[in-house]
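Only one structure is covered here, and it is reproduced in the block below.
The values are calculated or read from the model by the stated rules, or taken from the named source; none is laboratory data. Quick caveat, the model's predicted, so the values are computed rather than measured. Ideal geometry is used to build each Cβ from the backbone, glycine not excepted, and the neighbour counts take in all protein chains shown.
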Amino acid sequence: MTLRKLMLTSVTAAAFCAPMLASADSASGAGAASADLDFTITIDDYVFLQIGSGGTTTDLITFTIDGATNIAGNSTPIAGDQTVPVTLTANTSNIEITADISGATLTDGTSTIPWSDITISNAGGSGDITPPTLNGSSSGSLDPNTSGGTLTDTWSFEYVNDTYYAPGTYGTGGAAGGAVVTFTATSL
């Protein structure tokens, strides 16, 4: 072996062994020995939001104005056909929920119903998760840590029904057949 190869082999071996020597802890003694280990637990912040059935299902909230039990535009609010469970799990405080309505329209032909005509409210459950409005404002600050990391609630939906609109189906074409609203929980 040439001197050059011997030096290269020695330098390479030293480079691989140096980290192990620097972090190893060992001791020897008569009848007893001890060694230390360092421990670190890294917990990243996380946020989980489920609204409705969960999984890949996009629930559909339907409002029916039939002219018999509900009259169009008479200012009598109309409840949606279902309430939805809401779960927020996070290991951080100061969470806000927003509703993104961009690209989602409640349109039939030339008539459009504004998103502000649909309201969301707590419908039982713990009432821990204040819903956002569908016109752009957020839910306010939520803190899942106050209840072990998880807040639960049930939301209901109501159509204001204060304006007459022509007959038709408003909001078709989304994932479940309606206009899709995307709710987002963000750690601030």
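Within the stretch 35-44, is there a residue that is over 44 Å from the mean Cα position of the chain (by Cα), over 30 Å from PHE183 (Cβ atoms) and modelled with pLDDT of 65 or more? Lay out the reasoning, then the answer.
Within the stretch 35-44, the subset over 44 Å from the mean Cα position of the chain (by Cα) is 35.
From what's left, over 30 Å from PHE183 (Cβ atoms): 35.
Narrowing further to those that are modelled with pLDDT of 65 or more: 35.
Yes; the residues of the stretch 35-44 include at least one that is over 44 Å from the mean Cα position of the chain (by Cα), over 30 Å from PHE183 (Cβ atoms) and modelled with pLDDT of 65 or more.
Once the stretch 61-77 is narrowed to residues that are surrounded by fewer than 18 Cβ atoms within 10 Å (Cβ to Cβ) and under 21 Å from VAL181 (Cα atoms), the residue that is modelled with the lowest pLDDT is THR64. Annotation: of all residues in the stretch 135-170 being under 20 Å from THR83 (Cα atoms) and charged (D, E, K, R), the one that is surrounded by the fewest Cβ atoms within 10 Å (Cβ to Cβ) is GLU158. Listed conditions (1) on the phi < 0 side of the Ramachandran plot; (2) modelled with pLDDT under 90; (3) within 15 Å of the chain's Cα centre (by Cα) are all met by SER137, apart from (3). Do we have any residue at all in the stretch 108-117 that's of a type in the set (Val, Ile, Thr), modelled with pLDDT under 95 and over 24 Å from GLY168 (Cα atoms)? The answer is no; no qualifying residue exists. Here ASP128 fulfils each of the conditions (1) more than 20 Å from VAL180 (Cβ to Cβ); (2) of a type in the set (D, E, K, R); (3) exposed (fewer than 14 other Cβ atoms within 10 Å of the Cβ) apart from (3). Scanning the stretch 176-188 for residues that are surrounded by 17 or more Cβ atoms within 10 Å (Cβ to Cβ) and in a strand (DSSP E or B) turns up PHE183, ALA185.
Could you tell me which residue of the stretch 102-118 is nearest to THR163 (Cα to Cα), considering only residues that are surrounded by fewer than 19 Cβ atoms within 10 Å (Cβ to Cβ) and β-branched (Val, Ile, Thr)? It comes out as THR112. Please tell me if GLY173 is over 20 Å from ALA79 (Cβ atoms) and either at pLDDT below 85 or surrounded by 15 or more Cβ atoms within 10 Å (Cβ to Cβ) (or both). Yes.
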